[in-house]
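Novice: Provided herewith is a single structure, encoded as structure tokens, for subsequent inquiry.
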Amino acid sequence: MNLGTRKLLDQSFTALGIGSIVIMGMMLLVVLVPILTNGISANVFKGTIEHRRMQYNEFHRGDRDALQREISEAAATRKTAYDMMSTFEAELNQMDEVKQAEYRDKYNQVKDAVKSLLGPKPGDELPELTRFRYGQTRWEKAQERLREVLYEKKWDYSNPDIAAKEYLVSRAESFQGTSLVKLFPYVETNIDRMLLPKWTIYWGFIFDSSIDSHIFGGIWPEIQGTMFLAIGAMLFAFPLGVIAAIYFTEYAREGFFNSLLRSANSTLAGVPSIVFGLFGLAFFINTLKVSESKSVIAGSLTLAIMILPTIIRSAEEAILAVPKTYREASLGLGSTKWNTIVTVILPAALPGILTGGVISLGRAAGETAPIIFTAAVSVGSAIGLADVFNSPTPALSWNIYNLASEHEAASEIRHVQYGMVLALVTIVLLLNLTAIILRARISKKLKG
Amino acid sequence: MNGEDSVATGRSSAFVVTAKKRKIQQITRKIGESALFLVAATVAIIVIFIFFFVARDAVPFFEIRGFREFFTSSDWYPADDPPRFGAWAIIYGSLMVTAGSALIAVPMGIAAAICLSDVIPFSVRQYVKPVIEMLAAIPSVAFGFFALVILAPLLQNYGGPILMWTWWIIASPFLLLAVIVLSELVSMSIQDDKHRKIAQRMYVSFFGLIALILLFFVGNNLQKIEIMTGTNALNVSIILSFMALPTIVSVSEDALQAVGRDLREGSYALGATRAETIIKIILPAASSGILAAVILGIMRSLGETMVVWMASGNASHIPDPWFNYLESVRTLTATIAGDMGEADQVTGSARFHVLFAMGLLLLVISFISNFISERIVVRQRKILSGQ
Amino acid sequence: MQPSAEAIETKRDASSTQTTARDIYLPPERKQVSGGGETHVSAKNFSIYYGDFEAVKKVNADILSKYVTAIIGPSGCGKSTFLRAINRMNDLIPNCHTTGALMFDGEDVYGRFTDEVLLRKKIGMVFQKPNPFPKSIFDNIAYGPRLHGIRDRKTLEGIVEKSLRKAALWDEVSDRLDKNALGLSGGQQQRLCVARTLAVEPEILLLDEPTSALDPKATAKIEDLIQELRGSYTIMIVTHNMQQASRVSDYTMFFYEGVLVEHAPTAQLFTKPKDQMTEDYITGRFS
Ligand SMILES: Nc1ncnc2c1ncn2[C@@H]1O[C@H](COP(=O)(O)OP(=O)(O)OP(=O)(O)O)[C@@H](O)[C@H]1O
Ligand SMILES: [Mg+2]
């Protein structure tokens, strides 16, 4: 091959490597950017009068008089719409059997759509579930509902080879010739005045507990549960891991037994996280009976054994990175071994040990599989510190799964799911950032 | 005793202590060391306990149902009466997404590791490392959410075009390179300079045409594909590959770094280009470490739960044809996570124990691969240190 | 091989003023120290092994108190090993063991009832590379005294000042005692290490190539310091620099492949070596 081609090959090789790295960076962005933008929308959004009404009723927030004024303002606009509907209902009752059957069904769809948009009609009985007591609290959701009021969704099955296609039919057309026709343009033009959207910053999303399984309210129980679990895991794993690392680096003699212990450590690091969950269930709950059933303590213990190998490894590395000369200097001054470890080696290794600890804390906060069987429940309020020994807790990681995959209105509460993901990712990345900064400071210190 | 005690006399021999004191010193030291040892040994105890307790709940399943059905049948109807526990399709699903993610992550990971250790200047590397660390730190459930809520609808709605564009972007540079190298190789035998140039140009246009036809043909066919469901093996493989990448990159990079400077400089001094040095000298020297990295990365994919649970579709069947990554699959981890809620723990039915059997299977696989990768790393270290 | 204290007082004798290769090693005039000259450390058939490898072979030697003894020899001959054996720093090396006897003040250093921690307090050591702790200058010096139970700030301040003065460092650092010791220059760091060792009031000072990481100016300071300390402490210094050995020491030990070939007053060893090997080494015929 001539030199030109060799150079070309060389450069394409470089390009391949750089390309891979760029793709990794892009992947990070592709994952983080939508989580960030959509997650923020859980806190900052255009809230409707329904949101303010809900906040006042459920959380006692807001100015009563101003709210009253807004409600009556909206009610005035809404009344016209309700009047149109009553007029049509009267008209419907006058129709002959065939026509009535045709329109009754369609009208009920409209009625449901309007109810979901604006909430129950004044004077109606208050529904049992909180989610049905209010109209749309978020403006973008209200607009989706508005489309449902205006259009009927239909499916096109004509081509059997491909998946069915959805198309829209205007309801105004299907009610042509009845008095209800006027309703649709009226709602469309006056939707602003019916719902009075306003930019809202809802910090309560972080600090409120949830209402009616996350249809309304915030995610504090999850955040708190995650913190309890992660910190609990650290309380067990950190001292254990650091002491084990001291043993491995300072006391263990080379030999069969020691290499066995090391193998055990890397085996533990390789165990799939779901198996930790099984073990936690079989051992901590079913055998040791640390609690009746799922509990924070059982989850913390399970997470603790999961992060133990990481803590041991990073602590070992940090201790081994302490120059041998410190050890010699200290011993040469007449210090005992243990004293040397406590007064010289551990302080010098501390930033490195903490780095590993902080990263492990993030890992414990983010893991889901080990807590599924041991600690997590999908709904529940924030638990007190005294309850950690006997009650399970909601946790961010588990509830993200639960809300996204098993919640009956999963696609209605995407903003809550995004908000939770953002909260979790923020916690984990902040911890990792701390670790990166810690490490940067160590290397600066070592350089002098 | 007394005679020994009296040894400690005079100012200068202050470093000699009484026998009693020495004994106490030794005993305290022993006790302290044993206490430390006990703490360190908890790691081993935990590993033994994990094996024991998972196996303890797995054995009843095999006692009731035997081995054959579990490993050979793919009828998974644990809730039926009579229940059927054929896990082959589930095991296959695990293998499939693991293989898929490895297919993406291994070449990318090794390329990125080489790039990090040999190509990128140190100042840039400082900024790349945190990116990899952040990718490793993102919780699996966040990746799962991304796969379910963003990637799955994208694949379902724009699957064909996405596949086509991916093919175009990835294949065109490779094909271009292949065309140039191929025509160079074919025309190498021609001695005369002038003739060779002409022949080379002809070959380039000839191979180029073939390559273009290939590009368009495959691209067109890909575009026509309709993906029925976005929660499929492809989706999961892509996401898993990005979760395995950080492991592969950082462990391979360590292995590459362990190959010393002098080996590299020796090769450069002989006039080799960087790519040649890396491929012929460094990669072989670091190969076992890279293999260990690959094993660890694959284990990460195999053991991952949340992503596959949320985005694989959880359909317990073997895709048709067997390599069809556009169909839903179900994996061991997702089955354990998903079925535990319905399994009856109290009476300890086969339905409960089968999940532990799956856990035991995962545990054994992870143990073996871990063992292998550790052996490999130890061997490489020995070779590199010249023993 | 038992050099006597009297042999120390030497003058340049006329015969060696002629230009020979060893001219440069001629030691300066030295005074006898008061209250010293007793046997402080004595090795009897003392061997040190790394596993099966005998790194130091059957050494017999007496080190006299308050004098400076230099240890020279080619690389790998066991100088460091011997030096580190005296305060049992070799205990850190897993498979290192000794035979024979090493006495300090008439007691066996490797005896059953020896507390090596107390021993190291009596026998301080300064290493090849300056190794201050990543703490403040004050905390570095106070580390030893604190270990041995001194907590009172005033007492500690007194010890720190005294030690730094002895190590000729006080004037340079007295205004920044709370600064990180790693910010000092290499030479200052090494004197800090000497001061740190002096703070625990040892009787013997072991120096393993203390100047090999320093520039000539810092080296001169350390050498001056050794002159200052001579007479107060028994000092043993390993060095590759034969001029240094001749400048600072009263006695010199020459090791070759683990064997103590010659041990004599420095002036005598450098001018009239008894052994041919010593002669070859100091004239640079091998290294
Ligand atoms: N930890 C050890 N394990 C095994 N052998 C060792 C160890 N340390 C030193 N040795 C061996 O013991 C012999 C003496 O080593 P030592 O360090 O005492 O030499 P030295 O005279 O101080 O050399 P230098 O002038 O290079 O410092 C050498 O052959 C060396 O290889
Ligand atoms: Mg040495």
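Novice: Just checking: which of the helices (runs of 4 or more DSSP H) contained wholly in the stretch A:1-100 hold 3 or more residues that are surrounded by fewer than 18 Cβ atoms within 10 Å (Cβ to Cβ), free of Cβ contacts under 8 Å to residues at least 40 places away in the same chain and small (Gly, Ala, Ser)?
Specialist: A:3-40, A:64-94
Novice: Assuming A:Gln417 fulfils every condition listed in (1) touching a residue at least 12 places away in the same chain (Cβ under 8 Å); (2) surrounded by fewer than 22 Cβ atoms within 10 Å (Cβ to Cβ) apart from one, which condition is it?
Specialist: (2)
Novice: Please determine whether any residue of the stretch B:79-88 is aliphatic (A, V, I, L, M) and facing another protein chain (nearest Cβ under 8 Å).
Specialist: No, the stretch B:79-88 contains no residue that is aliphatic (A, V, I, L, M) and facing another protein chain (nearest Cβ under 8 Å).
Novice: So B:Ala147 fits all but one of (1) surrounded by fewer than 24 Cβ atoms within 10 Å (Cβ to Cβ); (2) under 24 Å from A:Val22 (Cβ atoms); what number is the exception?
Specialist: (1)
Novice: Right, something else. Could you please let me know if C:Ala195 is within 14 Å of chain A (Cβ to nearest Cβ) and more than 16 Å from ligand 2 (Cβ to nearest atom)?
Specialist: When the stated conditions are applied, C:Ala195 passes them.
Novice: Consider C:Arg112 carefully, then state whether it is at pLDDT 90 or above and either buried (at least 20 other Cβ atoms within 10 Å of the Cβ) or closer than 30 Å to B:Lys23 by Cα (or both).
Specialist: Answer is no for this residue.
Novice: Now a separate question. Hey, among C:Ile235, C:Ile204, which residue is touching a residue at least 60 places away in the same chain (Cβ under 8 Å), within 14 Å of chain A (Cβ to nearest Cβ), away from ligand 2 (no atom under 16 Å from the Cβ) and closer than 17 Å to C:Ala85 by Cα?
Specialist: Going through C:Ile235, C:Ile204 in turn, the sole match is C:Ile204.
Novice: Follow-up. Of these, B:Phe51, B:Phe71, which one is part of a helix (DSSP H, G or I) and over 30 Å from B:Ala147 (Cβ atoms)?
Specialist: B:Phe51
Novice: Please enumerate the residues belonging to the stretch C:71-88 that are within 12 Å of ligand 2 (Cβ to nearest atom) and either in a loop (DSSP other than H, G, I, E, B) or aliphatic (A, V, I, L, M) (or both).
Specialist: Selection gives C:Ile71, C:Ile72, C:Gly73, C:Pro74, C:Ser75, C:Gly76, C:Cys77, C:Gly78, C:Leu83.
Novice: Another question about this same structure. Could you count how many residues in the stretch C:49-70 are among the aromatic types (Phe, Trp, Tyr) and within 16 Å of ligand 2 (Cβ to nearest atom)?
Specialist: Residues flagged as among the aromatic types (Phe, Trp, Tyr) and within 16 Å of ligand 2 (Cβ to nearest atom) within the stretch C:49-70 amount to 2.
Novice: Another one. Among residues belonging to the stretch C:89-108 that are within 16 Å of ligand 2 (Cβ to nearest atom) and hydrophobic (A, V, I, L, M, F, W, C), point out the one that is nearest to C:Glu228 (Cα to Cα).
Specialist: My answer is C:Met89.
Novice: Among B:Ala58, B:Ala41, B:Ala147, which is under 17 Å from B:Leu362 (Cβ atoms) and not charged (D, E, K, R)?
Specialist: B:Ala58
Novice: Now, a different point. Within the group A:Pro309, A:Pro370, A:Pro351, which residue is more than 17 Å from B:Leu36 (Cβ to Cβ) and either away from chain B (no Cβ under 13 Å) or at pLDDT below 90 (or both)?
Specialist: Of A:Pro309, A:Pro370, A:Pro351, the one residue that is more than 17 Å from B:Leu36 (Cβ to Cβ) and either away from chain B (no Cβ under 13 Å) or at pLDDT below 90 (or both) is A:Pro351.
Novice: Look through the stretch B:304-317, keep the residues that are buried (at least 23 other Cβ atoms within 10 Å of the Cβ) and within 11 Å of another protein chain (Cβ to nearest Cβ), and return whichever of them is nearest to A:Gly277 (Cα to Cα).
Specialist: Here the answer is B:Thr305.
Novice: Something else about it: Among the residues of the stretch B:355-371, is there at least one that is of a type in the set (Val, Ile, Thr), closer than 30 Å to A:Glu406 by Cα and at the interface with another protein chain (Cβ under 10 Å from one of its Cβ atoms)?
Specialist: No, the stretch B:355-371 contains no residue that is of a type in the set (Val, Ile, Thr), closer than 30 Å to A:Glu406 by Cα and at the interface with another protein chain (Cβ under 10 Å from one of its Cβ atoms).
Novice: Residues in the stretch A:378-409 that are surrounded by 16 or more Cβ atoms within 10 Å (Cβ to Cβ) and part of a helix (DSSP H, G or I): how many?
Specialist: Of the residues in that region, 11 qualify.
Novice: Considering the stretch A:332-348 alone, what residues qualify as being part of a helix (DSSP H, G or I), free of Cβ contacts under 8 Å to residues at least 24 places away in the same chain and within 11 Å of chain B (Cβ to nearest Cβ)?
Specialist: Correct list: A:Trp338 only.
Novice: Something else about it: Name the single residue, out of those in the stretch B:108-133 being over 15 Å from B:Gln257 (Cα atoms), more than 8 Å from chain A (Cβ to nearest Cβ) and not polar (S, T, N, Q), that is surrounded by the most Cβ atoms within 10 Å (Cβ to Cβ).
Specialist: In this case the residue turns out to be B:Val124.
Novice: Now a separate question. Do you know which residues across the stretch A:328-366 are surrounded by fewer than 20 Cβ atoms within 10 Å (Cβ to Cβ), of a type outside the set (Val, Ile, Thr) and over 30 Å from A:Ile305 (Cβ atoms)?
Specialist: A:Glu328, A:Asn339
Novice: Please find, within the stretch C:43-70, the residue that is nearest to the other protein chains (Cβ to nearest Cβ) out of those that are near ligand 1 (Cβ under 8 Å from one of its atoms) and either part of a strand (DSSP E or B) or within 17 Å of the chain's Cα centre (by Cα) (or both).
Specialist: Among residues in the stretch C:43-70 that are near ligand 1 (Cβ under 8 Å from one of its atoms) and either part of a strand (DSSP E or B) or within 17 Å of the chain's Cα centre (by Cα) (or both), the one nearest to the other protein chains (Cβ to nearest Cβ) is C:Tyr50.
Novice: Condition test on C:Met125, is it under 20 Å from A:Thr336 (Cα atoms), in contact (Cβ under 8 Å) with a residue 60 or more places away in the chain and facing another protein chain (nearest Cβ under 9 Å)?
Specialist: yes
Novice: Looking at A:Gly232, A:Gly270, which one is surrounded by 15 or more Cβ atoms within 10 Å (Cβ to Cβ) and within 14 Å of another protein chain (Cβ to nearest Cβ)?
Specialist: The match here is A:Gly270.
Novice: For the condition of a type in the set (A, V, I, L, M), away from ligand 1 (no atom under 16 Å from the Cβ), within 16 Å of the chain's Cα centre (by Cα) and farther than 22 Å from C:Tyr67 by Cβ, what is the one hit in C:Leu192, C:Leu164, C:Leu147, C:Leu198?
Specialist: Every option except C:Leu192 fails the conditions.
Novice: Hey, can you tell me all the residues within the stretch C:89-108 that are within 14 Å of chain B (Cβ to nearest Cβ), in contact (Cβ under 8 Å) with a residue 24 or more places away in the chain and part of a loop (DSSP other than H, G, I, E, B)?
Specialist: Once the filter is applied, which keeps residues that are within 14 Å of chain B (Cβ to nearest Cβ), in contact (Cβ under 8 Å) with a residue 24 or more places away in the chain and part of a loop (DSSP other than H, G, I, E, B), the stretch C:89-108 yields only C:Asp105.
Novice: Condition (residue is within 16 Å of ligand 2 (Cβ to nearest atom) and in a helix (DSSP H, G or I)) applied to the stretch C:116-133: is it met by at least one residue?
Specialist: Checking the stretch C:116-133: not a single residue is within 16 Å of ligand 2 (Cβ to nearest atom) and in a helix (DSSP H, G or I).
Novice: Sticking with this one: Being in contact with a Phe, Trp or Tyr (Cβ under 7 Å, 6 or more places away or on another chain) and either within 16 Å of ligand 1 (Cβ to nearest atom) or on the phi > 0 side of the Ramachandran plot (or both) is the filter here; which residues of the stretch C:201-249 pass it?
Specialist: C:Asp208, C:Met242
The values are calculated or read from the model by the stated rules, or taken from the named source; none is laboratory data. Please read all numbers here as calculations on a predicted model, not as lab measurements. Cβ sites come from the backbone with ideal geometry, for glycine too, and all protein chains shown count toward neighbours.
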